[in-house]
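Only one structure is covered here, and it is reproduced in the block below.
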Amino acid sequence: MKRIVYATYSAAGGDRLVWRLASRRLRILAYHGICDDELARERWVPPYFVTRSAFDAQLAYLKRHACVLPLSEAVARLRGHDLPARAVSITFDDGYANNLYAAYPILKKYGMPATIFLATAYMDSGELFPFDRVQLIEHLMRGHATAHREAPSLRDYERAPLDDVRRRIDDWWHRWGSPLTADQVTTLRPLRRDEMAGFSGGLVEFGAHTHSHCILRNETEARRRAEIRESILRVADLTGRTPTLFSYPNGKPTDFGEDDKQVLRGARIAAAVTTTAGSNRRDRDLLELRRYSVGLLHTPQSFAAALTGVQTLLGIARRGA
Ligand SMILES: [Zn+2]
């Protein structure tokens, strides 16, 4: 049913009409990882990934309809009342290695800039992101009723302090061995420090995403402050530039608070992005910018519907991580 709505909307030129009528808004896309096309049906691939070919087609759509700007420039121009028509910024959360090997070649092909928000703790340890580890555990435990009850879940990750969940993940990992396939490691591993040089060329800028990707609301005030500051310092160390952009892990309105925004202001962060779906007008709080999340389920038509706000209007919430 949804597919028919989006196909009709695209065929009738609905997206092109929105680009014309609501052109003075900043639209920000939230990506995470890019996977090989042949992995798209694997149940362990997170729903917030997109395939290489889908990403290529989405950038081709942006080339036709949008003016893609680096997020830092778009934010400055939004604030300065100088945003060009049909402005879009591309962002990636977390810092997957596939951003370099799969996304960056396609960004270069279209000459499009992007911002990558790094959860810095995993760049040195090489450990998979905790939300991916719990999802792999959930995947592996399907059909194991007894073990399933003891295994940490995505729900735990979203509700408990991160250190508690990581301890449970480590216990489980230790008990069951490290059951990752080569495809899983290649697809899900974080960027390494020595790979940062691969982004030379100026198309990619980096922002902070907390150090250990904790969901701020689950942590103590001191930990929240330390997580934000540490990630900013680490990104500065990795890139040689103090970041001015931040992305809240999980990014829903209840995942962060006014205190966190105060810490960001103190660290001279100019803008922070959430996972609340929507476009951004001039009067939007720059520390609560909205984004449209893109995932495996997007067809070309539903991507156009998402980016032009129709999907949000129809009340379809997308998952963010
Ligand atoms: Zn994230």
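Brief remarks on what is shown
Here's the yes/no breakdown for (1) among the aromatic types (Phe, Trp, Tyr); (2) touching a residue at least 40 places away in the same chain (Cβ under 8 Å); (3) away from the ligand (no atom under 16 Å from the Cβ):
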residue: Ser200; (1), (2), (3): no, no, yes
residue: Ala222; (1), (2), (3): no, no, yes
residue: Ser231; (1), (2), (3): no, yes, no
residue: Leu238; (1), (2), (3): no, yes, yes
residue: Leu245; (1), (2), (3): no, yes, no
residue: Pro249; (1), (2), (3): no, yes, no
residue: Asp260; (1), (2), (3): no, yes, no
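- Scanning the range 200-210 for residues that are closer than 28 Å to Phe256 by Cβ and in contact with a strand residue (DSSP E or B) (Cβ under 8 Å, 6 or more places away or on another chain) turns up Val204, Glu205, Phe206, Gly207, Ala208, His209.
- Residue match in the range 79-91 (condition: under 17 Å from Ile34 (Cα atoms) and either touching an Asp or Glu at 6+ places or on another chain (Cβ under 8 Å) or within 16 Å of the ligand (Cβ to nearest atom) (or both)): yes
- Residue check, Leu69 farther than 23 Å from His213 by Cβ and buried (at least 21 other Cβ atoms within 10 Å of the Cβ): yes
- Scan of the range 68-113 for residues that are in contact (Cβ under 8 Å) with a residue 60 or more places away in the chain and acidic (Asp, Glu), ordered by number: Asp93, Asp94
- Of the set (1) crowded, with 18+ Cβ neighbours inside 10 Å; (2) over 16 Å from the mean Cα position of the chain (by Cα), all apply to Lys108 but (1).
- Residues that are among the β-branched types (Val, Ile, Thr) and closer than 24 Å to Pro113 by Cα number at least 1 in the following helices (runs of 4 or more DSSP H) confined to the range 132-227: 182-188.
- Qualifying positions in the range 72-94 - out of contact with any His (no Cβ under 7 Å at 6 or more places or on another chain) and surrounded by 20 or more Cβ atoms within 10 Å (Cβ to Cβ): Ala74, Val75, Leu78, Leu83, Ala87, Val88, Ser89, Ile90, Thr91
- Filter result for Phe246 (buried (at least 24 other Cβ atoms within 10 Å of the Cβ), aromatic (Phe, Trp, Tyr) and modelled with pLDDT of 95 or more): yes
- Number of residues in the range 245-277 that are within 17 Å of the chain's Cα centre (by Cα), part of a loop (DSSP other than H, G, I, E, B) and closer than 17 Å to Phe206 by Cα: the value is 3.
- Selection of the range 254-269 for residues being more than 14 Å from Ile215 (Cα to Cα) and small (Gly, Ala, Ser) yields Gly266, Ala267.
The values are calculated or read from the model by the stated rules, or taken from the named source; none is laboratory data. A quick note: this is a predicted structure, and the numbers were derived from the prediction, not measured. In this analysis, Cβ positions are derived from the backbone assuming ideal geometry, glycine residues included, and neighbour counts consider all displayed protein chains.
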